[in-house]
Amino acid sequence: MPATLIDGKAIAEQINAETIVEIARLKNQCGVTPGLAVVLVGENPASVTYVSMKDKVCARLGMHSERVSLPATTRESELLANINNLNLKQEIHGILVQSPLPPQISEEKVFAAVSPAKDVDGFHPLNVGKLANGDPTGFVPCTPAGVHELLIRSGVRIDGAHVVVLGRSRIVGRPLSLILSQKAAHANATVTVCHSRSRNLAEICRSADVLIAAIGVPGFVKADMVRDGAVVIDVGVNRLEDKTSDKGYRIVGDVDFDAVSQRALLITPVPGGVGPMTIAMLMHNTVRAARMQHGAS
């Protein structure tokens, strides 16, 4: 029997509706409109599309948004100066620097330059440390937070489950392992983090109650890597050339969806799974940042 789809769009809309309520409450309490600034360096097509989506969601939710667009030739010092200006702007409560960045710019320096109080992407070393220590006052990266919400709102039991995270990036894999393994509600999982150098990879994946694919390889997870009745979350976003498409490409995930959906109990589609959740959690984090900066309860 084919797997049941986890509808990321629908769950993201639930979260957005809750965010709208929080925005109205903040405006009533403090007269403040939450503001998000997105910094885009270069014209990576996927990044341009993603930033445009964020602008549209901000407008729909009633948030203030600003975009800082810089050429791919921008020097690191110029980018850091722009970030510092945004750190000082009172109407901006959240700052996101879109990755990937050009090779002349250090992502580590950029992440560290964003004020921790406005680091709604959760990449500043202070917020990374808070997540590692189980400190709830920090900001959690948006994609891992979105995956966590997908699991919770889909009724997936995490407590005591064996979760295999395929991918160890600081953007998804590592923070997600911290979220799911912490001693807290909707966590307490036994988490195994795998990657391209892991031995017996297929065997480890088959042992998962919940398999989360974030390895960045189209269709990497095959049916023989998934046990019957597992929950499969596909974080991958890969562009494949497709001359039959109006866009000239199609978006696929890291999971061989057609085959794996015949074995899994629940599965996320690509697109329409994790992607909308990432943006929803970014908006949630920005409103939370505004509340914290203005001392709202």
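The values are calculated or read from the model by the stated rules, or taken from the named source; none is laboratory data. A quick note: this is a predicted structure, and the numbers were derived from the prediction, not measured. As a convention, Cβ positions derive from the backbone with ideal geometry for all residues, glycine included, and neighbour counts pool all protein chains shown.
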Could you list, in sequence order, all residues of region 135-167 that are under 20 Å from residue 231 (Cβ atoms), surrounded by fewer than 23 Cβ atoms within 10 Å (Cβ to Cβ) and not aliphatic (A, V, I, L, M)? 148, 149, 153, 154, 155, 157, 159, 160, 162
Wholly within region 169-278, strands (runs of 3 or more DSSP E) carrying at least 1 residues that are within 14 Å of the chain's Cα centre (by Cα) and assigned by TED's automatic domain parsing to the domain that holds residue 155: 210-213, 231-234
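Is it the case, given these coordinates, that residue 73 is farther than 26 Å from residue 21 by Cα and surrounded by fewer than 14 Cβ atoms within 10 Å (Cβ to Cβ)?
Working: farther than 26 Å from residue 21 by Cα: yes; surrounded by fewer than 14 Cβ atoms within 10 Å (Cβ to Cβ): yes.
Yes: the conditions hold for residue 73.
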Are any residues in region 171-230 in contact (Cβ under 8 Å) with a residue 24 or more places away in the chain and among the polar types (S, T, N, Q), and if so, which ones? 182, 188, 190, 192, 207
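Name the residue, out of 41, 51, 68, that is farther than 28 Å from residue 252 by Cβ, crowded, with 16+ Cβ neighbours inside 10 Å and β-branched (Val, Ile, Thr).
68
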When you check residue 166 against the structure, is it in contact (Cβ under 8 Å) with a residue 12 or more places away in the chain, under 17 Å from residue 288 (Cβ atoms), touching a Gly at 6+ places or on another chain (Cβ under 9 Å) and not assigned by TED's automatic domain parsing to the domain that holds residue 37, yes or no? no
Where the second residue is in a helix (DSSP H, G or I) and the first is loosely packed, with under 13 Cβ neighbours inside 10 Å and lies in region 20-31, which pairs have Cβ atoms under 8 Å and are six or more apart or on separate chains? none
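If you scan region 106-162, which residues turn out to be in a loop (DSSP other than H, G, I, E, B) and within 17 Å of the chain's Cα centre (by Cα)? Talk me through it step by step, then tell me what you get.
Looking only at region 106-162, we keep the residues that are in a loop (DSSP other than H, G, I, E, B), and these are 106, 114-115, 119-124, 134-141, 154-161.
Hits for region 106-162 are 119, 120, 121, 122, 123, 124, 138, 139, 140, 141.
Working carefully through the options 224, 209, 234, find the one that is surrounded by fewer than 19 Cβ atoms within 10 Å (Cβ to Cβ), modelled with pLDDT of 95 or more and within 17 Å of residue 3 (Cα to Cα). Give the derivation first.
Values: 209 fails: surrounded by fewer than 19 Cβ atoms within 10 Å (Cβ to Cβ); 234 fails: surrounded by fewer than 19 Cβ atoms within 10 Å (Cβ to Cβ).
Testing whether each residue is surrounded by fewer than 19 Cβ atoms within 10 Å (Cβ to Cβ), modelled with pLDDT of 95 or more and within 17 Å of residue 3 (Cα to Cα) leaves just 224.
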Across region 124-136, what is the number of residues that are touching a residue at least 12 places away in the same chain (Cβ under 8 Å) and more than 18 Å from residue 193 (Cβ to Cβ)? 4
